[in-house]
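The values are calculated or read from the model by the stated rules, or taken from the named source; none is laboratory data. Being a predicted model, the structure only gives us computed values, none of them experimental. Neighbour counts are summed over all protein chains in view; Cβ atoms, including those assigned to glycine, are modelled from backbone coordinates with ideal geometry. These area figures cover heavy atoms from the full protein model, side chains too; ligands, DNA and RNA do not enter into them. Shrake-Rupley method; radii C 1.70, N 1.55, O 1.52, S 1.80 Å.
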Amino acid sequence: MRYRMLGDVRVGAVGFGTMPLSIEGRPDEARAVATVHAALDAGITLLDTADSYHPPNGTPGEGELLVARALASYGGGTDGVLVATKGGRGRTPDGGWTVDGRPEHLRRAAEASARRLGGDAIGLYQLHKPDPAVPFAESLGAVRELLDRGTIRLAGVSNVDTGQIRLAREVLGDRLVSVQNRYSPAVRESEAELGLCAELGLAFLPWSPLGGISRSSLDGASALEEDPEFGVFHRIARERGVSPQRIALAWLLARSETVLPIPGASRPETVRDSAGAAELLLSREELAALDGR
């Protein structure tokens, strides 16, 4: 496993998005815990979750509790593991998603997340999505209070544009360490945000990083068939003797030294395959072909 920096924390270059373990369609507890353990065995040290990762009509924090149980039952050391969680979203009974960026909600949500995860403070707390009904600076002010109180150690923002990143940097200073936006072979609208993160030295955590190669957890079960639009990922995978998912993650890692992809998984073999991307270096010719799809 190669490593990269997230603020002042050294983490494996590939993280693990644990969302598929706790939303609808999730595996049973034994397989979910085995998947987290497989990630740790493979050298993954960044685990991403959120208080809203639960099924419709479920209980907020189910995903965080699962991560906490998996870490507690792991046979190896976990001192180097960074757990990142998010606040500011919720679920509706029909499976939809809500946004709540009110400062009072964020303070309560972070304190509840801290209790569920245990430890002295949340390693990385990310504002899940800007709330159009709340000035972004007010939501960020709540995050700053959480930093000052010691409830959270590091802060990030998610689903943001470049102006919001700059505002977050202004409000949070160098305690802002990450941006989590959707970015993948199929979804490349965050090029400007990726570039700004490289300029500012912020970690860029692509969510649903396998779009175009596999479907997002938000879209249902993974699609195994080859998409002609992204055939080059499959061609290079065949030539390399690896999965197209591993090629996609290696391509993301090559986009910038600040990129830390967080692919999801619901099986141990899948998360092990993702971890292998950290050691896969693509040639200039391969990267040029993948950039053009």
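What to note about this one:
- Model label sites at GLU145 and LEU200, defined 7 Å from Cα along the beta-carbon direction, differ in position by 2.2 nm.
- Accessible carbon and sulfur surface of the chain relative to its total accessible area, %, 1.4 Å: 48 percent
- Where both bridge residues fall in the chain, DSSP classifies roughly 25% of the beta bridges as antiparallel.
- Distance-filtered residues of region 226-261 - backbone nitrogen under 18 Å, label point 7 angstrom along ALA288 Cα→Cβ: 232-233, 236, 251, 254-255
- Compared with the rule-of-thumb size 2.2 N^0.38 Å for a compact globular protein, the chain has a Cα radius of gyration ratio of 0.94.
- Cβ-derived FRET efficiency at R0 51 Å, ARG166 paired with ALA34, nearest 0.05: 0.75
- For region 240-256, putting each phi into the Karplus relation 6.51 cos²θ - 1.76 cosθ + 1.60 with θ = phi - 60° gives couplings of 8, x, 10, 6, x, 5, 5, 4, 4, 5, 5, 4, 4, 4, 7, 5, 6 Hz, in residue order, rounded to whole numbers and with x for Gly and Pro.
- Total formal charge among the other residues, if their Cβ is under 14 angstrom from that of ALA155, Lys/Arg +1 and Asp/Glu -1: +2
- DSSP-assigned coil residues among GluC sites (Glu not before Pro) in region 176-210, each with at most 13 further Cβ atoms within 10 Å: GLU189
- Between LEU281 and ARG267, the distance separating the two model label sites (each 7 Å from Cα on the Cα→Cβ line) works out to 3.1 nm.
- Per residue, region 1-117 exposes 39 Å² of accessible surface when a 1.4 Å probe is rolled over the protein heavy atoms with every protein chain present.
- Of the three principal axes defined by the Cα atoms of region 27-70, the extents in descending order read 33, 20, 14 Å.
- Compactness of region 34-170, expressed as Rg and Dmax over alpha-carbon positions, Å: 15.1, 45
- DSSP beta bridges fully contained in region 23-131 are about 30 percent antiparallel.
- Of ALA70, ALA50, ALA39, the residue with the greatest mean-square motion in the GNM of the chain, using alpha carbon springs below 10 Å, is ALA70.
- In order along region 198-212, the Karplus-derived 3J(HN,Hα) couplings, from 6.51 cos²θ - 1.76 cosθ + 1.60 at θ = phi - 60°, round to 4, 5, 8, x, 9, 5, 10, 9, x, 9, 6, x, 9, x, x Hz, and Gly and Pro are given as x.
- 12 Å cut-off, amide nitrogen to a point 7 angstrom out along ASP8 Cα→Cβ, residues in region 169-201: 174-175
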